[in-house]
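Here is the structure we will look at, set down as structure tokens.
Read-outs throughout are calculated quantities, based only on the coordinates presented, and are distinct from any laboratory measurement. Quick caveat: nothing in here was measured; it's all calculated off a predicted structure. Neighbour counts run over all protein chains shown; Cβ positions are idealised from the backbone, glycine included.
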Amino acid sequence: MQELLAQFAILIVAAFLGFELISRVPNLLHTPLMSATNAIHGVILVGGMITLAEASNPIIVTVGFIAVFFGAANVVGGFWVTNRMLGMFRPPVKKVKRRREG
């Protein structure tokens, strides 16, 4: 029981610290920082897959599945945001008007 309380306290402190750090990031740096952080989030994805591979308890299987699901969603979202952000720096595509034949 004491170990669970210690882990819960670490979770609360990490959530508070993460919120404080992200809220102090300037708007100009927020998108690149968050897209890189979401891409690095793949570590959680790998950890969840390792947990699922070795799990025998239904609770651990459930938590591992949730970690894999949200980890995958976060990684895909991070790369999607990065791609969209980099698209803003591409040169504009000129539209060519075609003449109608006929």
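Couple of notes before you dig in:
- Angle in degrees between helix 42-54 and the longest Cα principal axis of the chain, rounded to the nearest 10: 50
- Ratio of Rg to Rh over segment 2-87 (Cα coordinates, Kirkwood Rh, two decimals): 1.06
- Nearest 10 degrees, 0 to 90: helix 2-23 Cα axis against the chain principal axis: 30
- Highest average packing first - 14-24, 62-72, 48-58, 88-98, Cβ atoms within 10 Å: 62-72, 48-58, 14-24, 88-98
- Spatial offset of segment 1-20 relative to segment 25-65 amounts to 17 Å, using the alpha carbon center of each.
- Degrees separating the helix 58-87 axis from the principal Cα axis of the chain, which is the longest one: 30
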